[in-house]
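One structure is given here, and the rest of the page talks about it.
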Amino acid sequence: MPYKLNKIIFERDHTWGYESYTYELKTEIDFPYAAGMLQELTPKEHSQIKNYKPEISDLPLFNEKGLAKLIPEVGPKGMYYLELRPGHKLRQLIVEPDDVVTDIYIGQKDTLIYCFYNPTRRKFISITAAIEKDTEGVYSQIKAEPEDLIWRQYYVKRAFQSSSESMKENTKVQKFTKEILTSDEAANFLRMSKKTLQNYSSQGKVKSLKGGKFRLKDLEEFLEQKKKK
């Protein structure tokens with residue numbers, strides 16, 4: 001059964017930064033349930049695309065500890081693709097809301113592409129993830145059998161299960177991470193340098209807390225205001 005799609009965001013992670021490609025569609029389209037390579041994950045018909053926006057940033061998606069907090073604005077019936085750097089996989093994964101559909105595909109150069117489809121009415125989806133080297137050979141297994149749903153969902157559930165176990169060990173830390181962000185996490189969320197964020201904070205453009213921390217809802221409000229302007 002095909003997906004009903006309104007928007008696609010594709011982000012490619014690198015050690016030096018990331019690439020981002022946003023496809024806003026003219027009308028809702030039926031998009032086939034893909035199992036395969038990169039070229040099958042975006043619309044082939046240019047007539048279906050209303051707006052195409054490429055971006056390149058020198059700020060990596062994952063910090064030095066291999067952690068990332070991503071909140072893409074895919075909108076209702078939107079798709080978010082996250083292509084990891086070569087030879088890596090997600091060790092832990094938390095996705096909100098729970099209704100988001102998660103899958104894995106393979107890229108062209110030893111890369112895994114995690115797919116997140118938003119069937120809800122929410123504008124944003126939240127992805128908390130930890131990256132590590134693919135010592136298990138996840139890429140090789142999926143490449144050998146790209147249409148095998150069991151293997152793909154097995155590795156997705158492994159990442160979810162790992163995160164669930166960590167949350168049970170330290171619930172307070174997980175709650176703090178979701179509601180309050182450090183300056184490094186806030187800069188990563190806003191896709192800007194830490195210095196720029198500090199300037200915005202001192203100018204009152206971004207609300208901040210004592211100790212240089214930030215509320216997630218304040219950062220979302222900043223993005224909304226920036227988008228309207």
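Readers should treat all values here as calculations from the given coordinates under stated rules, not as data from a laboratory. Small disclaimer: the values here were computed from a predicted structure and weren't measured. So basically every Cβ, Gly included, is an ideal-geometry build from the backbone, and we count neighbours across all protein chains shown.
Along the chain, counting only chymotrypsin sites (Phe, Trp or Tyr not before Pro) with a DSSP assignment other than H, G, I, E or B and at most 15 other Cβ atoms inside a 10 Å radius, the longest segment between sites is 34-229. Loop-located trypsin sites (Lys or Arg not before Pro) in segment 49-124 (DSSP state not H, G, I, E or B) with no more than 11 neighbouring Cβ atoms inside 10 Å: LYS65, LYS109, ARG121. Start at zero, step by 10 Å, and the Cα-Cα distances of the chain spread as 7, 31, 38, 20, 4, 0 percent across the bins. Structure note, pairs LYS65/LYS213; LYS26/LYS217; LYS7/LYS226; LYS123/LYS217: Cα-Cα distances above 22 angstrom occur for LYS26/LYS217. Structural descriptor for segment 3-169: relative contact order 24 percent, calculated from alpha carbon pairs under 8 angstrom and at least 6 residues apart.
Maximal additional length on extending the MET192-GLN153 stretch stands at 10.7 nm, based on 0.36 nm per residue less the C-alpha distance.
Residues whose amide H comes within less than 5 Å of that of THR120, counting only those at least five positions distant or on another chain, are LYS77 (H built at 1.01 Å from N in the peptide plane).
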